[in-house]
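The values are calculated or read from the model by the stated rules, or taken from the named source; none is laboratory data. Bear in mind that the values here come from a model prediction, so they are computed numbers and not experimental data. Neighbour counts run over all protein chains shown; Cβ positions are idealised from the backbone, glycine included. With ligands, DNA and RNA removed, areas are computed over all heavy atoms of the protein, side chains included. Shrake-Rupley method; radii C 1.70, N 1.55, O 1.52, S 1.80 Å.
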Amino acid sequence: MSFNRKDLLGLEHLDKTEIQTIIDSARPFKNMFTRSIKKAPALVGKTVVNLFYEPSTRTRTSFEVASKRLSADVVNIATATSSVVKGESLVDTAKTLEAMKADIIIIRHTLAGTPELLAKNLNASIINAGDGFHEHPTQGLLDLYTMYEKKKKIEGLKVLLVGDILHSRVAKSNIWALTKFGAKVRVAGPPTLIPGKISELGVEVFYNLDEAIKDVDVINILRIQMERQQENLFPSIHEYVELYQLTKERLAKAKPDVLIMHPGPMNRGIEITSEVADCSSAVINEQVTNGIAVRMAVLYLLAAARKGENYVHSN
Ligand code: CP
């Protein structure tokens, strides 16, 4: 087994073999989902803590379900009603959880680098559930898993990421994983929402969605982050919809068997029409199901690595 790390902080520093190990380990977990008893004893006696400083539906619930399916004890910290509001620091909060014998802490935070900070200060394993604009590794992994499942390969696939690449940790994790596996990655969006140096990561940049969409195998639509509208990064939602919304008409320019993905939460009627979100090419709900299998694999592999003597620390 090629995964021997204490933490999962991002996909940038994982090699292809480690990512492949996670994907391969997720498959038997997904097979469990059709059984009447969807549980395995792999994490009996282990404590998993969800520490989310930002809202989440999919990732937090998915980690909770994944942990419970592996028979772990799960604790969810609602930071709004915790001692965080009294000024307790992130590291002190996490060390308090570790003092209660948390084995794995899953953190989502608005600031890039917070999972790494915890990984360096704690013996517990840390999983990054999204840190600022940096990475969302388990989303990148579940997207990769879904593409594998549907297209049977990654190498040579033309994958288009559309929208707010600048603020998207999902885009970053997708790019790191897909390029390691030989996919041809395109990004498309307004120039103000595409980082200037993104092409250095080996992706092709398009500002015209109708051009970008030609011949692609997969389209991964990113959420327009409405909370960033005050930054005036594009003139108006109306203009964004005109130029970058994924519509049935635009979809006709892609391959007939194109896969439509969205990490969620979706803004229907903005980055994607309901007609496209609900069409037979869309696998948005399957991504959610696959997210549980992939997160089970990550939890399982981290717990297994902790049993070994020589697992790789992040510091
Ligand atoms: N895709 C994703 O991270 O969704 P949540 O914000 O609901 O967790």
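Out of everything in the range 154-174 that is assigned to a loop (DSSP other than H, G, I, E, B) and touching a strand residue (DSSP E or B) at 6+ places or on another chain (Cβ under 9 Å), what residue ends up being most open to solvent (accessible area, probe 1.4 Å)? Give the steps one after another, and end with the answer.
Of the residues in the range 154-174, the ones assigned to a loop (DSSP other than H, G, I, E, B) are 154-157, 163-168.
From the residues that got through so far, the ones that are touching a strand residue (DSSP E or B) at 6+ places or on another chain (Cβ under 9 Å) too are 156-157, 163, 165, 168.
Details: GLY156: 34, LEU157: 5, GLY163: 0, ILE165: 0, SER168: 7 Å².
It comes out as GLY156.
Residues checked against (1) of a type in the set (A, V, I, L, M, F, W, C); (2) touching a helix residue (DSSP H, G or I) at 6+ places or on another chain (Cβ under 8 Å); (3) more than 29 Å from HIS167 (Cβ to Cβ):
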site	(1), (2), (3)
ALA42	yes, yes, yes
THR61	no, no, no
ASN76	no, yes, no
SER82	no, yes, no
VAL85	yes, yes, no
MET100	yes, no, yes
THR114	no, yes, no
ASN123	no, yes, yes
ILE126	yes, yes, no
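Filter the range 271-286 down to residues that are within 24 Å of TYR148 (Cα to Cα) and within 16 Å of the ligand (Cβ to nearest atom) and give me whichever is surrounded by the fewest Cβ atoms within 10 Å (Cβ to Cβ). So, considering only residues that are within 24 Å of TYR148 (Cα to Cα) and within 16 Å of the ligand (Cβ to nearest atom), the one surrounded by the fewest Cβ atoms within 10 Å (Cβ to Cβ) is ASN285. In the range 116-138, the qualifying residues are those that are under 24 Å from PRO195 (Cβ atoms), open to solvent by less than 10 Å² (accessible area, probe 1.4 Å) and assigned to a helix (DSSP H, G or I), and the one that is nearest to the ligand (Cβ to nearest atom) is THR138.
The single condition among (1) crowded, with 21+ Cβ neighbours inside 10 Å; (2) in a helix (DSSP H, G or I); (3) more than 16 Å from the ligand (Cβ to nearest atom) that ILE292 does not satisfy is (3).
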